[in-house]
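Chemist: Take this structure, written in structure tokens, and hold onto it; I'll ask about it next.
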Amino acid sequence: MAGSFWRRILGAWRCFSPAETRPLADSGLAAPPAGSDDARLELPWRHSWEHLPKRTAGFGFTHRDYRSARRRAEEVARLTLGDDLWRRLGRDGHLDLPSRRYLGVTYRLRVGLRIEVLTAPGVALPWRHPFLCINPTYPLPELEFFAQLYLYVRDNEDEVIRVAAPQPWDQPLGRTF
């Protein structure tokens with residue numbers, strides 16, 4: 001118990017250190033050489049994000065950085081979804097995907113919110129609660145995560161079912177901004 005506490009404190013301290021962009025020592029991943037093209041590549045999965053306040057991208061992220069990230073995320077989402085789905089999302093505020101695994105179950109995807117599980121009349125929910133919570137591993141703009149989540153639910157429903165946490169209420173996702 002005490003060891004776990006100190007590991008968390010040490011992990012948080014590492015995240016606040018000046019070398020914030022280096023991978024965690026225990027990750028086993030080496031950073032690309034400083035002069036290489038890969039050194040400019042963002043590798044967010046190599047870092048711990050537990051220290052960040054919810055709904056932020058991290059310390060030092062300016063208003064301009066947020067605007068730029070959200071603008072890029074909108075382009076990614078629009079290109080990922082295609083024109084028809086993008087217009088439907090703008091019109092309805094959500095996209096509905098029928099389950100391939102559960103007859104009569106539909107996943108309602110909304111930007112920045114949990115997945116709502118809808119059922120046809122007379123069909124029981126596959127879970128105890130009507131919302132599924134999936135957060136990104138690292139901070140992402142809401143629209144970018146929405147596009148990724150859409151592809152996951154559409155193409156890899158079994159993985160979504162495996163990792164999603166059924167929840168009794170709806171609320172904004174934690175690691176999106």
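Chemist: (1) of a type in the set (Asp, Glu); (2) crowded, with 18+ Cβ neighbours inside 10 Å; (3) in a strand (DSSP E or B): which one isn't true of Glu144, the others all being true?
Modeler: (3)
Chemist: To continue, here is another question. Give the residues of the stretch 114-148 that are closer than 23 Å to Arg72 by Cα and touching a Pro at 6+ places or on another chain (Cβ under 6 Å), sorted by residue number.
Modeler: The answer is Tyr138, Phe145.
Chemist: How many of the residues in the stretch 79-97 are free of Cβ contacts under 8 Å to residues at least 12 places away in the same chain and buried (at least 16 other Cβ atoms within 10 Å of the Cβ)?
Modeler: 1
Chemist: Using the structure shown, decide if Phe146 is free of Cβ contacts under 8 Å to residues at least 40 places away in the same chain and of a type outside the set (Ser, Thr, Tyr). Walk me through it before giving the result.
Modeler: Numbers: free of Cβ contacts under 8 Å to residues at least 40 places away in the same chain: no; of a type outside the set (Ser, Thr, Tyr): yes.
Here the answer is no, as Phe146 does not meet what is asked.
Chemist: A further question follows. So which residues in the stretch 90-130 are of a type in the set (A, V, I, L, M, F, W, C) and over 19 Å from Gln171 (Cα atoms)? Before the answer, list the steps.
Modeler: Going residue by residue through the stretch 90-130, those that are of a type in the set (A, V, I, L, M, F, W, C) are 95, 97, 103, 105, 109, 111, 113, 115, 117-118, 120, 123-125, 127.
The answer is Leu97, Leu103, Val105, Ala120, Val123, Ala124, Leu125.
Chemist: For the structure I just gave you, tell me whether Arg162 is assigned to a loop (DSSP other than H, G, I, E, B) and charged (D, E, K, R). If you could, list the steps in order and put the result at the bottom.
Modeler: Numbers: assigned to a loop (DSSP other than H, G, I, E, B): no; charged (D, E, K, R): yes.
No.
Chemist: Kindly evaluate Tyr150 against the criterion of being surrounded by 16 or more Cβ atoms within 10 Å (Cβ to Cβ) and either part of a loop (DSSP other than H, G, I, E, B) or in contact with a His (Cβ under 7 Å, 6 or more places away or on another chain) (or both). Give the derivation first.
Modeler: Working: surrounded by 16 or more Cβ atoms within 10 Å (Cβ to Cβ): yes; either part of a loop (DSSP other than H, G, I, E, B) or in contact with a His (Cβ under 7 Å, 6 or more places away or on another chain) (or both): no.
Considered against the rule, which asks whether it is surrounded by 16 or more Cβ atoms within 10 Å (Cβ to Cβ) and either part of a loop (DSSP other than H, G, I, E, B) or in contact with a His (Cβ under 7 Å, 6 or more places away or on another chain) (or both), Tyr150 comes out as no.
Chemist: Right, something else. Please specify each residue of the stretch 149-177 satisfying the condition of being assigned by TED's automatic domain parsing to the domain that holds Leu89, under 25 Å from Arg78 (Cβ atoms) and in contact (Cβ under 8 Å) with a residue 60 or more places away in the chain.
Modeler: Tyr150, Leu151
The values are calculated or read from the model by the stated rules, or taken from the named source; none is laboratory data. Fair warning: this is a prediction, and the values are worked out from it, not measured in the lab. No Cβ is skipped: glycine too gets one built from the backbone with ideal geometry, and neighbour counts run over all protein chains shown.
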